[in-house]
Amino acid sequence: MTKSGKPAETLVVRALPRDGTKGILRLGPITVPCALGRSGIVMRKKEGDGGTPMGSFDLLHVYYRPDRGRPPQTNLQLEPLTQKSGWCDDPEHRLYNRPVTLPFPASHEKMWRDDRLYDIVVVLNCNMFPAVRGKGSAIFFHIARETYTPTEGCVAVSPEHMRLLLAKAGAHVRMVITA
């Protein structure tokens, strides 16, 4: 249940039995393929392990590339990326697993990427409040490569499926990643 008393919608993610780096994502009657981390779904997430963490995570907000298409329709908070958008992945830094402005002195991800993976990227409430050092950072729901090759630990879908799922999901939605 949400704070307003309404039930949260659920995106359910399961790995395929024959290939743990690929999965199925379901939102009500909608079922789409997804890419998972190179280590499959893991119970104990660690920074850099390539695992997609098992658990239940609220979808917090959506970033998008304004130069690569219209903003997605969504009931979630929407924010355009800029060339200075980054995400701290340094477990020793006080801004670990938080958005940062580039240039940034510690280890980080560039959110404004040359590939299309972060054209639409949804922040999951994974190791965020509080961020525990070394328990994983930048666990996102984002755009998959065309061949659905493994991610670094995120869940990824096609651009068309991302837009469909965001348009259908309400303001209170969570992702449940299960074995």
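The values are calculated or read from the model by the stated rules, or taken from the named source; none is laboratory data. Since we're looking at a predicted model, the values are computed, not measured. Neighbour counts are summed over all protein chains in view; Cβ atoms, including those assigned to glycine, are modelled from backbone coordinates with ideal geometry. Calculation scope for accessible area: heavy atoms of the full protein, side chains included, ligands and nucleic acids excluded. Shrake-Rupley method; radii C 1.70, N 1.55, O 1.52, S 1.80 Å.
The alpha-carbon atoms of the chain define a convex hull whose volume equals 111 cubic angstrom per residue. From helices alone, the chain scores -1500 deg cm²/dmol at 222 nm; the rule is -39500 (n - 2.57) for each run of n ≥ 4 DSSP H residues, then divide by the residue total. Take every Cα pair under 8 Å whose residues are at least 6 apart in sequence, average their separation, divide by the length of the chain, and the relative contact order is 31 percent. Within a straight-line Cα-Cα reach of under 17 Å, residue 22 can be paired with the following aspartates and glutamates, leaving aside sequence neighbours fewer than 8 residues apart in one chain: 49, 146, 152. Per-atom-type breakdown for the chain gives carbon and sulfur 53% of the accessible area (1.4 Å probe, protein chains only). Protection proxy ranking for 71-81, 129-139, using the average of other Cβ atoms within 10 Å per residue and placing the highest first: 129-139, 71-81. Past 22 Å, Cα to Cα: identify those pairs from 84/135; 46/84; 110/135, in the order given. Checking Cα-Cα distances, 84/135; 46/84 exceed 22 Å. Based on a Kirkwood Rh over C-alpha pairs, give the Stokes-Einstein translational diffusion coefficient of the range 53-106 at 20 °C and viscosity 1.002 mPa s in µm²/s. So the translational diffusion coefficient is about 163 µm²/s.
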